Amino acid sequence: MCGRFSQSQTREDYLSYLADEAERNIPYDPEPIARYNVAPGTRVLLLSERDEKLHVDPVHWGYAPAWWDKTPLINARVETAATSRMFKPLWQHGRAIVFADGWFEWKKDGEKKQPYFIHRADGKPIFMAAIGSTPFERGDDAEGFLIVTTAADKGLIDIHDRRPLVLSPEAARTWMRQDIGGTILEDLVVQGAVAADKFAWYQVTRAVGNVRKQGSDLINPI
């Protein structure tokens, strides 16, 4: 699953992997985002395509349609999202990308849980597939978005049995296109996914469990 991640670099650090400036409708911002502990229930910079250009909008992380009377969901399984009653409309019309440095996962260590930070071994940003309720630019907390997850494999399964669906930059760009669907998307989530052996992970401070903590030390190895 994915319940916490880091989004700390500048917008340009992430966007430069996806599209040149002519393909974006995003103001230049040289300031680092500096969110080292992004949690559900907060607004997150979400990348999507409108009118064939990329846009960034602050969108609520969590999804609960009007008929849902339980806690908002934060993840959607890739295996069922395209066909489920709840997620099918989002899969068809609300595909987006969450850019990040990496994500946190907790593993039981005796009586406590030890957090790990998982990132690309080559240091490049990660692009997590997301689906959400459009229009993303409306700016309220109605519904929101979810991060798409897939089954963990290889060494990652030692940390958790689920992980975010992380796409290559090329696949991430295609994922956001609004003129594709069906088998193209089915093939994309398989062929465009970043393989488990491209990731590395290490233990980090348990302070990351406190959502008020936001310092860069949260992603330092211990």
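Taken together, the values in this text are just the output of simple stated rules run on the coordinates, not laboratory data. It should be emphasised that the depicted structure is a prediction, and the values quoted were computed from it without experimental measurement. Here the Cβ positions follow ideal geometry from the backbone for every residue, glycine too, while neighbour counts run over all protein chains shown.
For region 5-219, a crude dipole built from +1 on the beta carbon of Lys and Arg and -1 on the beta carbon of Asp and Glu, taken about the Cα centre, is about 780 debye to the nearest 20.
Close amide H partners of Q9, meaning residues 5 or more places away or on another chain with modelled amide H under 5 Å apart, are I33, A34. When you filter the GluC sites (Glu not before Pro) in region 110-156 for DSSP loop state and at most 14 other Cβ atoms inside 10 Å of their Cβ, you are left with E111. Calculated mean residue ellipticity at 222 nm for the chain: -3000 deg cm²/dmol, from DSSP H runs with n ≥ 4 weighted as -39500 (n - 2.57), summed, divided by the residue count and rounded to 500.
Of the chymotrypsin sites (Phe, Trp or Tyr not before Pro) found in region 23-113, the ones in coil according to DSSP and having at most 10 other Cβ atoms within 10 Å of their Cβ are Y28, W67.
Taking the charge dipole of region 82-207 about its Cα centre, with +1 at Lys and Arg Cβ atoms and -1 at Asp and Glu Cβ atoms, the residue from P125, P115, P169 reaching farthest to the positive side is P115. Based on every Cα atom in region 1-129, Rg and the maximum pairwise Cα distance Dmax equal 16.1, 53 Å.
A DSSP coil position with no more than 10 other Cβ atoms inside 10 Å describes the following GluC sites (Glu not before Pro) in region 14-60: E52.
Would you list the P(r) distribution for the chain, with all Cα-Cα distances sorted into 10 Å bins from 0 and each bin expressed as a whole %? Over the chain, the share of Cα pairs per 10 Å bin runs 8, 35, 39, 17, 1, 0 percent.
Cα centroids of region 190-210 and region 146-180: 12 Å apart.
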